[in-house]
Amino acid sequence: MQSNVTTLDVSKYISCADDVARNAGLNIAMGDDFRQYVAITSKLPGKYPTTPNFNPNYSDLSPESSFWIVGRDQEDRVAHVQALRLYDLSKTTLVEHLESLRACFADPVGKSGLNSTCRCYAPSARSITGRVAYRGDMWFRDDFRGRGLLAPLGRLAFALAWVNWSPDFIYSLVAEWYIKKRIFDRSGHCHREPHGSVLRLPTLGIDDDEWLLWTTRDELLKMLSNTSEVAREWENHVRDSTLLHSGSL
């Protein structure tokens, strides 16, 4: 374990990610009012509806166990969103949590609707337990895609999760195209397995077969200890991606 990671180290990591975003034209803010968050995300062009995990009509989302991140451009228009929440899986596993539909609904019986099911076929999910954070609902506006921002903003979320919760694991669920396009390599996660969540929610129009991505506590601490190296990597990547995006390369 990287036990020498200090609060100052994590603060520098967060500041570095925020600087990269600001230099790319994004102002980052965070909050914990998920009715406000859903009001924001429901108006974003091309974004899938926010999942029940982050919708207060279906989930209990307290300020102590959930937060969101929103990035706005220089004209104050929303260009990026993502959200995180913490689950207490100390007496269960991620497999059981997903398959019970408790990951999506505070009251699965009353809220999930008819014929709703979830199956998790990722073997490693049986070992994911304890304090487990979920990162999801990530979206970039078209003009901010391909500009190298996924890595700094994804890892910014991980750092904030560490400050708030010190989780044992962080996981995400993503579509297969995310893997095929090698976006996984920039996601911040260290591991992946297919069929992590085969979710059917007919009432909400959800029919997904997603990969499970995850990172352990020790891997997160190792990441947070590399502020200077990551800063150079991010700044170079974002600069080159922005030049390419603008046609200068």
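Values quoted throughout were computed directly from the atomic coordinates according to the rules given, and no laboratory measurement underlies them. Computed from a predicted structure; not experimentally measured. Virtual Cβ from ideal backbone geometry, glycine too; neighbours counted across all protein chains shown.
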**Report entry** the chain - Debye-derived log10 I(q)/I(0), Cα point model, q = 0.10, 0.14 Å⁻¹
**Finding:** -0.47, -0.95
Report task. Whole Å is fine, so just give me how far the alpha carbon centre of region 145-210 lies from that of region 64-103. Result -> 10 Å
Requested in this report: Describe numerically, in nm with one decimal, the distance between label points set 7 Å from Cα along Cα→Cβ at LYS222 and at GLU193.
Outcome: 1.9 nm
Report task. Starting from the Cα of VAL78, step 7 Å along the direction of its Cβ; do the same at ASP209; then give the gap between the two resulting points in nm. Result -> 3.1 nm
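Could you give the length gained by full extension between VAL109 and THR6, i.e. 0.36 nm per residue of separation minus their alpha carbon distance, to one decimal place? Walk me through the numbers before you get to the answer.
On the way: separation 103, 0.36 × 103 = 37.08 nm, distance 4.30 nm.
Contour length minus the Cα-Cα distance gives 32.8 nm.
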Query raised in the report: Roughly what angle does helix 7-23 make with the longest principal axis of the chain, taking Cα atoms, 0 to 90 degrees, to the nearest 10?
Result: 70 degrees
Report task. Report, in degrees rounded to the nearest 10, the 0 to 90 angle that the Cα long axis of helix 150-165 makes with the longest principal axis of the chain. Result -> 60 degrees
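In region 131-198, how does Rg compare with the Kirkwood Rh, expressed as the Rg/Rh ratio over alpha carbon atoms?
Numbers: Rg = 12.4 Å, Rh = 13.0 Å.
For region 131-198, the value is 0.96.
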Query raised in the report: Roughly what would the spin-label model give for SER42 and SER62, points 7 Å off Cα along C-beta, in nm?
Result: 2.6 nm
Report task. Could you state the angle between the C-alpha long axis of helix 227-246 and the longest principal axis of the C-alpha atoms of the chain, as a value from 0 to 90 degrees rounded to the nearest 10? Result -> 80 degrees
Query raised in the report: Using a simple charge model, +1 on the beta-carbon of Lys and Arg, -1 on the beta-carbon of Asp and Glu, nothing else, what dipole does the chain show about its Cα centre, in debye to the nearest 20?
Result: 220 debye
Query - Mean separation of Cα contacts under 8 Å (6+ apart) over length of the chain, as relative contact order % - result: 22 percent
Query - Packing rank of 180-190, 16-26, where each peptide gets the mean count of other beta carbons within 10 Å, highest leading - result: 16-26, 180-190
